[in-house]
Structures are given as structure tokens and as C-alpha cells.
Amino acid sequence: MLVDVPRLGTKGDKVSFESLVVEVVRSGFVESTHRARMLAVASDGSIVRAHGAVDALVSPRSAMKPLQTLAMVRAGLALEGELLALACGSHDGEPFHVEGARRILSGAGLDEDTLRCPEDLPGDVASRDEVLRSGGGRARIYMNCSGKHSAMLATCVVNDWPLETYLDPAHPLQKAIRATVEELTCERVAATGVDGCGAPLFFVSMPGVTRAFRALVQAEPGAPERRVADAFRAHPEWTSGTTRPEARLMRAVPGLMVKAGAEAFDAFAFEDGRAGTVKIEDGGQRARVPVTVAALVALGFEGAELDELAAGVLLGGGRPVGEVRVR
């Protein structure tokens, strides 16, 4: 049974229709600002904090990958552990990410030539440098969505669905993903677009995404939803990267699930049902993590790692001279 997030504006909700302001402070002066929407709900689904137009449509981008993976698991994708986590991930192209995507493909009898995501270099600097030093270049397997695309292809093999058109919105795989998104968000998809990796993306609301993430972590053990959430939380480095802030957050708060999306979107849920979503209105990634930490703090989470991530450090001449902070 799906849990719900109440409609905004009901009595007792801490709702501000003004966006949060994130300040970029250098040498004591506010150099730039970002505006952010935030929705944070308690374990019973009641709203703890809401800022900005959280009821407006938004594209969560890669934050929807756990829902895409759930649809694949329901359709027979037989991945477990770190490979299931990688299917949900936006990875940095570190060697273990690349090897994992290749394992998914080979397990389905496929190779990299079947991928339809764009060619790219690893996002991780050391991994990118090693590829270039060894004479390599851009490849689809290095693209941050290659784990998801490999899993999509593997799902097609299981179901004897066409491989060449697996990114078409009319493909059986993409229809199954859309149905899963609508089921867990409890919303009809308002519009369909194209993500950076070429896969369909769906426009929904922040409360809808929050509902979906709560449904994942609160499902019964062994259910497909819980299998996805458990794999995701058990292998945080596989869903992002060794040094990424999302992995640091999940290591600092066991039981927390955090997924980032392009254009500065974050979705998170804790095992007791506390959850939330964050969108930086101008897509500024540097403001995303401080606002997500502010949402977690509003829900009662604390710790030294959160304190460190709350204020993004600005450097000048190689030393700290400022911060990114939520006002």
C-alpha cells in the first residue's frame, strides 16, 4: 500500500511560498545567490518544511532512476547487490563502474555496441586521466547512465523485446517505466521529454517524487521496491561515485537513500519514512547539497559529516575563503 504526502497548505504545515535563498559568500561578501525549492516530510508523511513552488511541475532527471530500475525488476531483470545499485546510478566512470556495466551486458549476452547512450569520458578526474593516458577516448560505457542503459537492454533480452528501439517512448520497456512512475508518484505524467542520455523523462511534482521514494524504502522486505532501495543503500559508491556527496551522505546516515538529478535536483528517503525533494531553480549544482542537508537537519538528522557538507567551501589561492550557505 502506497504512503501519501498530504497536499500543501493544510493547517499546521510549515509552508513558505518563497524560495529558500542560497548565498555564495567569498571573503565576507555575498558574490552570488541561488533560489531553491524544498519539501521535507516527517515519518508520518506530514509536511515539516516546504519552500517555493513545490507543487509545480519539475523534471527530476536522474533522480527517477530508482523508479526506472523498479520497473525493470518487475519485468524480470535479475540483478542483485552492486549491479542492481549501478542500474539506479549516475556513476562517475570509475573502473569498477565500467566493469559493472560490462558485467550486466555480458550476463545478457550483449556487448557495448548495443548501448544507445552518448559517448563520454569518465566524470571522475583520475579515471578520465587514466583513459586518456592509455590512448583511449570517449565511449558509451563511460557515460554516467551506462549502468541504467545496460540494465534496460538486459530487461529487453529477458522479455524478447526489440533492442534497437529500447529508448522509444512507445517501446514496451518505456511504457512499463511510465506506468511505474505514475503508480508510485500517484500522479499522471504531465509531459514526456528526452533526458541527456536519450531515455524518456517525465514531468511530475516534487510531492509525487517524495511519495515515490517513501514507497521504495517503506515496502515490505523482499518486495521489488524494497530490493531496489536496499541495494541502493548498501552500495552508495555504485549509485554515484567514491567521492560524491550523495555517497558521503548515505555513509553518514545509514538507512538513507539519496539520488541526484541533473539541473540540481535531489530526492531522498530514510527507512522510517522521513523524505524530501530539492530543486535549485537555476540548476546550480553547488547549491544542491547545502539545501539537501538543510532539509535533513529540519527532519532531525545531525552529525559532523552533515555539518561539513552543509557549507560548501570556496577556495582562493588553494585555501578556504568563503562558503555556499542556506540563508
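Within the range 175-202, what residues put their amide N at less than 13 Å from the label point 7 Å along the Cα-to-Cβ vector of L57?
The answer is 188-194, 201-202.
Please identify every one of the GluC sites (Glu not before Pro) in the range 235-314 that sits in a loop by DSSP and has no more than 12 other beta carbons within 10 Å of its own beta carbon.
Numbers: sites: E237, E246, E263, E271, E281, E302, E305, E308; in loops: E263, E271, E281, E302.
Answer in residue order: E302.
Grab the beta carbon distance between A179 and D272, set R0 = 30 Å, and tell me the FRET efficiency rounded to 0.05.
0.60
Using DSSP to define loop residues, name the trypsin sites (Lys or Arg not before Pro) in the range 110-154 whose beta-carbon has at most 15 other beta-carbon atoms within 10 Å.
Numbers: sites: R116, R128, R133, R138, R140, K148; in loops: R116, R138.
Taking the range 110-154 and a limit of 15 other Cβ atoms within 10 Å, the loop trypsin sites (Lys or Arg not before Pro) found are R138.
Suppose R0 equals 45 Å. What FRET efficiency, 1/(1 + (r/R0)^6) with r the Cβ-Cβ distance, do A42 and D113 give to the nearest 0.05?
On the way: r = 48 Å, r/R0 = 1.07.
E(calc), rounded to 0.05, equals 0.40.
Test of understanding: what is the full-extension gain from A78 to S134, defined as 0.36 nm times their sequence separation minus their Cα-Cα distance?
Using 0.36 nm per residue and subtracting the Cα-Cα distance, I get 16.8 nm.
Using amide H atoms built in the peptide plane, which far-off residues or other-chain residues are under 5 Å from D195 H to H?
L201
Which whole-Hz couplings ³J(HN,Hα) result when phi for each residue of the range 181-187 is put into the Karplus expression 6.51 cos²θ - 1.76 cosθ + 1.60, θ = phi - 60°, listed in order with x for Gly and Pro?
3J(HN,Hα) across the range 181-187, in whole Hz: 4, 5, 5, 7, 7, 6, 9.
Need one number: nm distance between label points at V125 and F96, each 7 Å from Cα along Cα→Cβ, rounded to one decimal.
Here the modelled spin labels are 2.1 nm apart.
Would you mind pulling out the separation of the Cα centroids of the range 185-234 and the range 273-327, in Å?
Here the two parts' Cα centres lie 23 Å apart.
Values quoted throughout were computed directly from the atomic coordinates according to the rules given, and no laboratory measurement underlies them. What you see is a predicted model; the values in this text were computed from it and never measured. Cβ atoms come from the backbone with ideal geometry, glycine included; neighbour counts cover every protein chain shown.
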